[in-house]
Amino acid sequence: MALSPYVQAMQELFRANTRSREFPAHGAKVHSVAWSCCGRRLASGSFDKTASVFLLEKDRLVSSSGTGRAGNGGSVKENNYRGHGDSVDQLCWHPSNPDLFVTASGDKTIRIWDVRTTKCIATVNTKGENINICWSPDGQTIAVGNKDDVVTFIDAKTHRSKAEEQFKFEVNEISWNNDNNMFFLTNGNGCINILSYPELKPIQSINAHPSNCICIKFDPMGKYFATGSADALVSLWDVDELVCVRCFSRLDWPVRTLSFSHDGKMLASASEDHFIDIAEVETGEKLWEVQCESPTFTVAWHPKRPLLAFACDDKDGKYDSSREAGTVKLFGLPNDS
């Protein structure tokens, strides 16, 4: 079968940019990476209880002053954000303000940070150890889920809880749809639960996978969402019809993390397999695979270009298990930059 011009163009680009670049970010395992809405900053959250923020300039991550080259990627952190008393398990940026991001921690708090002052502008206490977080598309609400399967909805301006829902199933990842009128949860029974928003009334429960449904992501175009499961499958769903349109089955281990490219045409998925699968969304065809030396915890496409940030379990790497954990990696930078 002939490859589409898009696939050919992307494969050509990736062939010219095959080397993943590493940037020292933390003293321990990186749990989460995320790009600001403008794509100028990359944030990472770690087991070392901190978040780090890098600036992307041209084809490298740099410090805020634009000087300094370190490691094999020419990277200096812009800033390190301290204050949490436990692991930073997940973080996300404000959907339209490139200066604000929020972190969820096992210390039973979330923290909102402003990169202009490098300060925590709000600490919100929650009832349990937090493991997942998302910001509503309209920027008004932050939802945080904890290990006790409670999801708390926090007003992003007043920093007060607006609603709290206790679920009777294991809640994994949470997300609003792009229209901000539905709230999705993946659960331990393999289901996708959909609630109306802001009413939080159950709309539908979809039996998506035969085993634990781990992660969920919506594509920027609002056409699809994808789920990843312990059955090693990625399912692609039509947002309007709520039907599965195709599955991606090249991974052998539970799918931990997903990300759609800025144009909605590529889907990256990763697991304990030592590669990240990049698929063309419309056909399911393999577009590329990014080689890794160990399991991958988190992937995030840049919001404007084909540049993939990710983080692996460095300590388990067969390549060099003695080296320090805590690196953030970028795939898609020119090899000679």
Only listed residue being touching a Lys or Arg at 6+ places or on another chain (Cβ under 9 Å) and closer than 23 Å to GLY264 by Cβ, chosen from PHE218, PHE184, PHE248: PHE248
Selection from segment 1-45 of residues that are part of a strand (DSSP E or B), more than 16 Å from VAL62 (Cβ to Cβ) and not hydroxyl-bearing (Ser, Thr, Tyr): VAL30, HIS31, VAL33, ALA34, GLY45
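Residue by residue, here is whether (1) at pLDDT below 95; (2) under 21 Å from GLY39 (Cβ atoms) holds:
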residue	(1), (2)
VAL255	no, no
MET266	no, yes
SER271	no, no
PHE275	no, no
VAL281	no, yes
HIS302	no, yes
LEU307	no, yes
ASP316	yes, no
THR327	yes, yes
Members of segment 280-306 found to be open to solvent by less than 10 Å² (accessible area, probe 1.4 Å), in contact (Cβ under 8 Å) with a residue 40 or more places away in the chain and over 13 Å from the mean Cα position of the chain (by Cα), listed by number: VAL281, LEU287, VAL290
Filter result for the condition that a residue is in contact (Cβ under 8 Å) with a residue 24 or more places away in the chain, under 21 Å from PHE54 (Cα atoms) and aliphatic (A, V, I, L, M), over ILE112, ILE121, ILE131: ILE112
Of all residues making up segment 191-215, the number that are of a type outside the set (Ser, Thr, Tyr) and open to solvent by less than 70 Å² (accessible area, probe 1.4 Å): 13
Filter result (under 15 Å from PHE153 (Cα atoms) and in a strand (DSSP E or B)) within segment 93-114: VAL102, THR103, ALA104, THR109, ILE110, ARG111, ILE112
Residues located in segment 78-99, provided they are closer than 14 Å to ALA43 by Cβ and in contact with an Asp or Glu (Cβ under 6 Å, 6 or more places away or on another chain): HIS84, ASP99
Of all residues making up segment 103-150, the number that are at pLDDT below 95 and among the aromatic types (Phe, Trp, Tyr): 0
Restricting segment 86-114 to residues that are closer than 23 Å to ALA28 by Cβ and small (Gly, Ala, Ser), the residue that is surrounded by the most Cβ atoms within 10 Å (Cβ to Cβ): ALA104
Residue ID - least open to solvent (accessible area, probe 1.4 Å), chosen from residues in segment 115-139 that are part of a loop (DSSP other than H, G, I, E, B) and more than 22 Å from ARG41 (Cβ to Cβ): GLY128
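The values are calculated or read from the model by the stated rules, or taken from the named source; none is laboratory data. Being a predicted model, the structure only gives us computed values, none of them experimental. No Cβ is skipped: glycine too gets one built from the backbone with ideal geometry, and neighbour counts run over all protein chains shown. Accessible surface is based on the protein model in full, side chains and every heavy atom, while ligands, DNA and RNA are left aside. Shrake-Rupley method; radii C 1.70, N 1.55, O 1.52, S 1.80 Å.
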